[in-house]
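The values are calculated or read from the model by the stated rules, or taken from the named source; none is laboratory data. This one's a predicted model, so the numbers in the text were calculated from it and none came from an experiment. In this analysis, Cβ positions are derived from the backbone assuming ideal geometry, glycine residues included, and neighbour counts consider all displayed protein chains. Surface accessibility is based on the protein's heavy atoms, side chains included, excluding ligands, DNA and RNA. Shrake-Rupley method; radii C 1.70, N 1.55, O 1.52, S 1.80 Å.
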Amino acid sequence: MRMVFIGPPGAGKGTQAERLIKKYNMAHLSTGDMLRAARDAKTPVGLKAEEYMSSGALVPDEIIVSIIEERLGQSDCDGGYLLDGFPRTIAQAEALDEMLAKKGTPLDIVLELQVPEEELFTRLAGRGRADDNPDTIRNRLVAYRNQTAPLLEYYGKTGLLKSVNGLGTIDEIFDRVVEEMEKVNK
Ligand code: ADP
């Protein structure tokens, strides 16, 4: 399965992703994790990314697209992957489409995890990551609304988009996601 996972910060994508990659044998490509690792290793890309991440802004498309392009070329992605946190802008989605078209490996599913904004704020404020302070959280939610939510229309037009209610227990949500995955069944 080649899957894109979309949802606002705090929707629980990471938690569900951990389970999904096991069930469907997918490589887990979390751009947030990749950027945090690059930042902690103080690579040039990581240091540049940190300037954006610390305020809750998105890092520039060209940085993230080149990271993903390199990562998708690694052999563990041949059997399928879950993209978690990418694409996050229309430009990133277009770049991804182009990459995959060249390889002849289109996406199988785009899954949206839906959670209301009030709930997101509460969850994020209780989590305690370095970029989980109130101002940064607000910026990340705004970035989602303005830059990432337009992807729902973009993927809606392709027929790949499935939306799942992200409120409930971890097991309940997982079951809902799996139900959609099984309809694709690759
Ligand atoms: P969240 O929990 O806010 O969804 P992530 O762990 O996915 O966060 O990402 C953390 C930060 O990394 C984002 O706020 C953003 O600055 C940066 N980032 C991650 N993925 C992308 C992307 N695809 N494009 C631009 N910036 C990104």
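Since only Ala57, Ala95, Gly79 are under comparison, the one whose Cα sits farthest along the positive direction of the charge dipole of the chain, derived from C-beta charges on Lys, Arg, Asp and Glu, is Gly79. Spin-label model, Phe121/Thr169: points 7 Å from Cα along the beta carbon direction are separated by 2.9 nm.
Accessible surface calculations at 1.4 Å, restricted to protein heavy atoms, place region 1-73 at 45 Å² per residue. When you restrict to C-alpha pairs under 8 Å that are six or more residues apart and normalise by the size of the chain, the relative contact order lands at 34 percent. Ligands, DNA and RNA left out, the 1.4 Å accessible surface of region 2-184 is 51% carbon and sulfur atoms.
In terms of its C-alpha gyration tensor, region 130-177 has an oblate overall shape, because the principal axis ratio a/c (a ≥ b ≥ c, square roots of the eigenvalues) is not below 1.5 and a/b does not outweigh b/c.
Rolling a 1.4 Å probe over the heavy atoms of the protein chains gives region 86-149 an accessible area of 51 Å² per residue.
Once Rg and the Kirkwood radius are both taken over the C-alpha atoms of region 2-184, their ratio Rg/Rh works out to 0.93.
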